[in-house]
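Worksheet: one structure, shown below.
Coordinate-derived values only; no laboratory data. Here the structure is a predicted model, which means the values were calculated and not measured. A quick note on method: Cβ atoms are made from the backbone with ideal geometry, for glycine too, and the neighbour counts reach across all protein chains shown.
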Amino acid sequence: MRCAICGKRFMSGCKVSHSNHHTPRRVEANIQKVRAVVNGRRCRIQVCTSCIRSNKVTK
Ligand SMILES: [Zn+2]
């Protein structure tokens with residue numbers, strides 16, 4: 001999933017065990033479906049919560 005405003009997707013990294021074994025992992029961005037006003041019309045878009053909090057979407 002991708003944020004419709006900033007394009008944020010996920011952070012990738014490694015799960016590191018105590019024996020220093022690295023396993024790839026990804027942390028998804030906190031993306032919510034919101035009803036927002038886009039180009040004067042209401043529609044449902046998928047937006048990350050940092051964009052919602054910083055008022056980049058008009059509800
Ligand atoms: Zn965003």
- Message: Taking only the Cα atoms of the chain, how large is their convex hull per residue, in Å³?
- Response: 77
- Return, ordered by residue number, the residues of the stretch 10-35 whose backbone nitrogen is under 18 Å from a label point located 7 Å along Cα→Cβ of K59. 30-35
- Taking Cβ-Cβ under 4.7 Å as the only way to count a partner, pick out the unpartnered cysteines of the chain. C6, C14, C43, C51
- Please work out how much length the chain gains when fully extended from Q46 to M11, using 0.36 nm per residue of separation minus the C-alpha to C-alpha distance, in nm with one decimal. 10.9 nm
